[in-house]
1. Between residue 10 and residue 177, what is 0.36 nm times their sequence separation minus the Cα-Cα distance? Round to one decimal in nm.
2. With the full set of protein chains in place, find how many percent of the accessible area of segment 6-283 is carbon and sulfur; take the probe as 1.4 Å.
3. Between residue 154 and residue 266, how high is the FRET efficiency from 1/(1 + (r/R0)^6) when r is the Cβ-Cβ distance and R₀ = 41 Å? Nearest 0.05.
4. At 1.4 Å probe size, with every protein chain present, just tell me what the per residue accessible area of segment 6-283 comes to in Å².
5. For segment 109-132, list residues with backbone N below 15 Å from a point placed 7 Å from the Cα of residue 185 toward its Cβ?
6. Fully extended, how many nm does the chain gain between residue 210 and residue 93 (0.36 nm per residue separation, minus their Cα-Cα distance)?
7. Give me the number: length gained by fully extending residue 232 to residue 30, i.e. 0.36 nm times residue separation minus the C-alpha to C-alpha distance, one decimal in nm.
Amino acid sequence: MNRSWEEIFMENCGPNHLQMLSIASALALAPLSLLFLSAVRVFFKKRKMFHPLFSFCFIVLLLLYFFSTTFLAMRNITFTFYGDNYGQVERTADYIIRNSERIYMAINFFIPPLIAIGIIERLYATSLSRFYENSRPWMALGFGLVCATILVYIEFSNRHVIMATIPTRNIQALFAITCSVSLFLLLIANRSKSKSGRAKSALSERYQVTENLKALRIQIPIVCIDTAVQVMFLCSDVFLNTAQVLNLNYCYDDDDYLKKFATFRLIGFTLQYLIPFIVLFHFSQFCCNTIRRRPVKRLTPISPSPETVPSNVVTIRNVFGITLSGDDQGPVGQDVHFRNLYAQWN
């Protein structure tokens with residue numbers, strides 16, 4: 001039995017199917033948006049632990065995740081309640097649906113290049129760890145953001161143009177390859193710095209290497225998750241004609257297009273749930289770990305007691321040769337010095 005094009009479209013991607021997709025997406029995105037907002041808040045309080053450029057890139061990345069999920073959730077929630085007559089009569093709901101999806105795609109296209117810029121920044125910090133502590137290459141960062149903006153504009157402008165899918169795929173592949181290669185080089189550079197020995201390095205270099213280790217503990221998992229999502233959508237676009245952007249034109253030729261699109265999008269949302277949990281796991285006081293490793297619990301207490309007085313007075317000097325505690329202070333002065341150290345480090 002021959003079916004008309006309208007019947008094929010209504011059967012494959014009718015309003016009921018699109019509304020079910022919007023409901024499922026809204027239920028997945030609302031909690032995810034709140035988690036990203038919590039991750040931004042937690043990391044902002046700990047931003048001074050890292051170099052200003054890394055903190056800036058990471059905060060902007062978390063904000064992009066938050067705004068992309070928020071706008072897409074807004075679009076799906078609006079379509080769930082007002083999508084029955086979408087496109088028939090111009091309404092405020094139609095304006096929200098159309099523009100929320102555009103903003104979501106523009107922000108989502110900007111996430112991979114920002115991740116690549118963040119990895120390159122850490123690679124630069126590792127390679128020039130001796131001088132990077134006091135370096136502020138904001139001009140280089142601005143140039144990278146301008147280049148990324150141009151590529152994202154080209155990708156965003158051609159998102160619905162069928163003949164422009166090849167350059168769009170090439171840009172997505174470029175970002176994925178850049179992230180993977182930069183991450184591989186970063187791991188090699190960081191491993192070589194760690195093997196070279198910190199004892200012979202300058203204090204600023206040792207500090208930078210330690211900061212890199214802290215940053216990589218949160219950056220590497222996020223890079224791997226986002227790159228996996230980008231590669232998944234790139235492969236689905238090449239082999240299954242199911243890109244990250246919903247294209248209803250495929251509903252005429254593929255009976256299962258909407259099912260495949262919903263499956264890949266929900267897999268992407270599930271993987272993105274891991275990103276805020278990683279940040280909260282490392283920084284939040286409510287989670288079971290922090291960015292620093294927990295010290296091994298000592299079997300005997302080390303806190304000084306009021307009754308304990310050092311039997312021998314030891315002369316203690318700082319790195320400048322100035323005496324901090326010695327015979328002139330006596331046992332009581334040395335006991336006060338150790339109490340101050342204990343209070344500072346705990």
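1. On the way: separation 167, 0.36 × 167 = 60.12 nm, distance 3.90 nm.
Working it through step by step, the gained length comes to 56.2 nm.
2. On the way: 9440 of 13840 Å².
Of the solvent-accessible surface of segment 6-283, carbon and sulfur hold 68 percent.
3. Working: r = 28 Å, r/R0 = 0.69.
The calculated FRET efficiency here is 0.90.
4. Counting only protein heavy atoms, the per-residue value for segment 6-283 is 50 Å².
5. 116-129
6. That works out to 37.1 nm of additional length.
7. Numbers: separation 202, 0.36 × 202 = 72.72 nm, distance 2.28 nm.
Taking residue 232 through residue 30 to full extension adds about 70.4 nm, to one decimal.
The values are calculated or read from the model by the stated rules, or taken from the named source; none is laboratory data. Source: prediction; values computed, not measured. A quick note on method: Cβ atoms are made from the backbone with ideal geometry, for glycine too, and the neighbour counts reach across all protein chains shown. When the accessible area is computed, the model is the full protein with side chains, heavy atoms only, and any ligands, DNA or RNA have been set aside. Shrake-Rupley method; radii C 1.70, N 1.55, O 1.52, S 1.80 Å.
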